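The values are calculated or read from the model by the stated rules, or taken from the named source; none is laboratory data. These figures come from a predicted structure and were not determined experimentally. Methodologically, a virtual Cβ is constructed for each residue, glycine included, from the backbone with ideal geometry; neighbour enumeration extends over all protein chains shown. Just the protein is used for accessible areas: all its heavy atoms, side chains included, with ligands, DNA and RNA removed. Shrake-Rupley method; radii C 1.70, N 1.55, O 1.52, S 1.80 Å.
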Protein chains: 2
Amino acid sequence: MTSVENIQNLITQFIESQDFMGTPVELYAPIDYTMRQRGKRMRPTLALLSCEMFGGDIHDCLTPAVAAEIFHNFTLIHDDIMDEAPLRRGLETVYHKWNSNIALLSGDTMLIKAFQYALCTKKSCSHQVLAELCKVALEVCEGQQHDLNFETRDDVTLDEYIEMIRLKTAVLLGSVLKIGAIVAGADETDMKAVYDFGIALGIAFQLQDDIFDCYGDVKVFGKMPGGDIADNKKTYLYLKALELASADDKRMLEGYFKMPKGRDNKKMQAVLDIFAKYHVREIVTEVMTSYYEVSLRHLAMIGTPEEKKSVLREYADYLYNRVK
Amino acid sequence: MTSVENIQNLITQFIESQDFMGTPVELYAPIDYTMRQRGKRMRPTLALLSCEMFGGDIHDCLTPAVAAEIFHNFTLIHDDIMDEAPLRRGLETVYHKWNSNIALLSGDTMLIKAFQYALCTKKSCSHQVLAELCKVALEVCEGQQHDLNFETRDDVTLDEYIEMIRLKTAVLLGSVLKIGAIVAGADETDMKAVYDFGIALGIAFQLQDDIFDCYGDVKVFGKMPGGDIADNKKTYLYLKALELASADDKRMLEGYFKMPKGRDNKKMQAVLDIFAKYHVREIVTEVMTSYYEVSLRHLAMIGTPEEKKSVLREYADYLYNRVK
């Protein structure tokens, strides 16, 4: 089995060998800028790990895996326009470094490039890979629209929040794992199991992100915690606190989340106090852990020998125990 | 041969039979709103006409033809955000009727839907159709970026303008004709000829649009002429006038096109006077006609019997002689 590190190196080398430039330069420079950033590259990593677990050749999976990475970066570029976000991964966003028209158009170009990469999958499975990419791409847009809708809604439920992060984050993890399985020629049952593994892992991952956003270490993240609170984001933490709080605390919390967006120390401390009073951090950590455990149960159901699953399990464990 | 009218009816029926709605409604209602508008549907019409000219079954061409129509509508929705345009086809734009975030995200969704429709082409040619759609989609984005760049450039040449409209408008006409040929199983030489026919026709079409924008009848178009002048658009008319004008007239024209965007009667009359002085309308009409004639020469080179070409030629003639 190829180690996670070697798989990540292979992906990095492949991406670095690609030419993302073109004419006009205003359109392509933002794509090059984005694709040259060294993120976790979690999506292509999962695709290749899945492909190898099912006995496929990971080299056959490189173009669809990178298609998913390009797609993911496209979503970030367009999300940053909608959020008017100046920073991402500690670097200027395309929206901020260039402008919103360029971010819009270079984002569109990346979405098209994602399909072009997916189309380069070996002929026998390119149709199935593209169908999966279309399906998941629509779901991610749906998730983002739900997220936008939540901004002006006062009646968001915990179930609706989970469904939103399932669409916005988890389905892409499920789909890249499924794409790895498609390339490897896995059977339908295993494809479904690895997809479900990704969904549960993705929900756990997003809940963990919500916890980090609230309680993360500025030295580790390079950004002040509490961004979601400043932005009035209705995360699982907030929604759980609303559910548990007394009528007075609920009224206070809702009041704070109706303030204009932006950092306010008094608001931050008051919200964190309410979260602490109702043990929200511990509760969300438990929910996160239960999704992680569900993901491992799906992994256990996959019909390949245990030793083939070890690298993927190790990577899931690394994500679960990550500190950033 | 199926008449243009029957082909258009078939496309209309097919589009009307499609369900563009979904959840969340904020994401899909703008798509439904856009796709229900009765435009010329020139792109799917050309695809089906080409398919039939090459002896293909037009029903096999419906999904890729509609993919091109969905793609075209996606570009309009995103262009309208960039132009902050309130009206399109006499109706409110998505950007204006909803908001820019919804226009951004429902536009993205349409782009994905376009690929999903193209993927439904019969298996034997779906790969080639998708590759063509990816290629042309990138080119259209490049054309739009050139167009944006022109706004702040003072040295745009006539050749650059033609290259911009080739990318922004003409390549999609070339590609839909090629897609019709792919579905019909035409040979490479004929595919190239019908593509080149579309490119020349597309450039003629856009030049005609520029003329209409300047000199069109408000009663026919439902909008005041002179929108491009009000927006300081560097069209072929403007660039040709700059080329021919005396130093004084050139300075005056450039001065007017540095004014803030918006209607100004004095500017409008002065610009039209300069255009008239240098016979710009007649010159651009001649250039347009020469592109139309080039397109007919490419059509003549196609290796199918003359009677098979008659409906496509008739449609090109209709476009050339259109009044709106």
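With all protein chains in place and a 1.4 Å probe, the accessible surface of the protein assembly as shown carries 51 percent carbon and sulfur.
The share of C-alpha pairs in segment B:78-223 whose separation exceeds 26 Å stands at 37 percent.
The Cβ shell under 14 Å around A:LYS309 holds other residues with a net charge of -3, Lys and Arg each +1, Asp and Glu each -1. As I understand it, the value is the acute angle between the Cα axis of helix B:123-151 and the longest principal axis of the Cα atoms of chain B; what does it come to in degrees, rounded to 10? On a 0 to 90 degree scale, this one is about 10. In terms of overall dimensions, the C-alpha atoms belonging to chain A reach 61, 50, 34 Å along their principal axes, ordered largest to smallest. Applied to segment A:244-255, the Karplus parametrisation 6.51 cos²θ - 1.76 cosθ + 1.60 on θ = phi - 60° returns per-residue 3J(HN,Hα) values of 8, 5, 5, 4, 5, 5, 4, 4, 5, 4, 4, x Hz, with x for Gly and Pro. The heavy atoms of B:MET164 present about 10 square angstrom of accessible area, all protein chains included, probe 1.4 Å. Put simply, the amide H of B:GLY56, placed in the peptide plane, has no neighbours under 5 Å, leaving out anything fewer than 5 places away on its chain. Per the accessible-area calculation with a 1.4 Å probe, the total area buried between chain B and chain A rounds to 3500 Å². Axis angle, to the nearest 10 degrees, between helix B:100-119 and the longest C-alpha principal axis of chain B: 40 degrees.
Put the Cα centre of segment A:289-324 next to the Cα centre of segment B:10-49 and the gap is 43 Å. Backbone geometry of segment A:165-175 corresponds, through the Karplus equation with coefficients 6.51, -1.76 and 1.60 at θ = phi - 60°, to 3J(HN,Hα) couplings of 6, 4, 6, 6, 10, 6, 4, 5, 5, x, 5 Hz, x marking Gly and Pro.
Here the sum of -39500 (n - 2.57) over DSSP H runs of 4 or more residues, divided by the residues of chain B, equals -24000 deg cm²/dmol at 222 nm, to the nearest 500.
Tell me the net charge near A:LYS178. Cut-off is 14 Å between Cβ atoms, A:LYS178 excluded, with +1 for each Lys or Arg and -1 for each Asp or Glu.
On the way: positive: A:ARG43, A:LYS135, A:LYS192; negative: A:GLU132, A:GLU139, A:ASP187, A:GLU188, A:ASP190, A:ASP196.
Residues close to A:LYS178 contribute a combined charge of -3.
Rounded to the nearest 10 degrees, the inclination of helix B:25-35 to the longest alpha-carbon principal axis of chain B is 80 degrees.
In Å², and per residue, what accessible area does segment B:173-324 have when probed at 1.4 Å with the other protein chains present? Please report the intermediate quantities before stating the final value.
Numbers: 7160 Å² over 152 residues.
Result: 47 Å² of accessible area for each residue.
Cβ screening of chain A for cysteine pairs under 4.7 Å finds these without a partner: A:CYS120, A:CYS125, A:CYS134, A:CYS141, A:CYS214. Sparsely packed loop sites in segment B:64-119 (the GluC sites (Glu not before Pro) outside DSSP H, G, I, E and B with at most 12 other Cβ atoms within 10 Å) comprise B:GLU84. Rounded to the nearest 20 debye, the dipole size of the protein assembly as shown about its Cα centre is 600 debye, using +1 on the Cβ of Lys and Arg and -1 on the Cβ of Asp and Glu.
Within a Cβ distance under 12 Å of A:THR45, other residues only, what is the Lys/Arg minus Asp/Glu net charge?
Working: positive: A:LYS40, A:ARG41, A:ARG43; negative: A:GLU5, A:GLU52, A:GLU69, A:GLU314.
Surrounding charge for A:THR45 is -1.
Its relative contact order, with pairs defined as Cα atoms under 8 Å and 6+ residues apart, puts chain B at 19 percent.
Rounding to the nearest 20 debye, state how big the charge dipole of chain B is about its Cα centre with +1 on each Lys and Arg Cβ and -1 on each Asp and Glu Cβ. Could you put the intermediate results ahead of the total?
Working: 37 positive and 48 negative charges, 112 e Å.
For chain B, the charge dipole is close to 540 debye.
Dipole of segment A:183-230, Cα-centred, from +1 at each Lys and Arg C-beta and -1 at each Asp and Glu C-beta, to the nearest 20 debye? Walk me through the numbers before you get to the answer.
Working: 3 positive and 9 negative charges, 55 e Å.
Here segment A:183-230 has a charge dipole of around 260 debye.
3J(HN,Hα) couplings calculated from phi for segment B:93-98 with the Karplus curve 6.51 cos²θ - 1.76 cosθ + 1.60 (θ = phi - 60°) are, in sequence order, 6, 4, 3, 8, 6, 9 Hz; Gly and Pro show x.
Averaging the Cα positions of each part gives two centres, and for segment B:77-114 and segment B:183-253 these lie 23 Å apart.
Accessible area per residue for segment B:35-75 in Å², computed with a 1.4 Å probe and the full protein assembly in place, what is it?
Numbers: 980 Å² over 41 residues.
About 24 Å² of surface per residue is accessible.
Positive-end ranking of B:GLN116, A:SER50, B:GLN128 along the dipole of the protein assembly as shown, with charges on Cβ about the Cα centre, is headed by B:GLN116.
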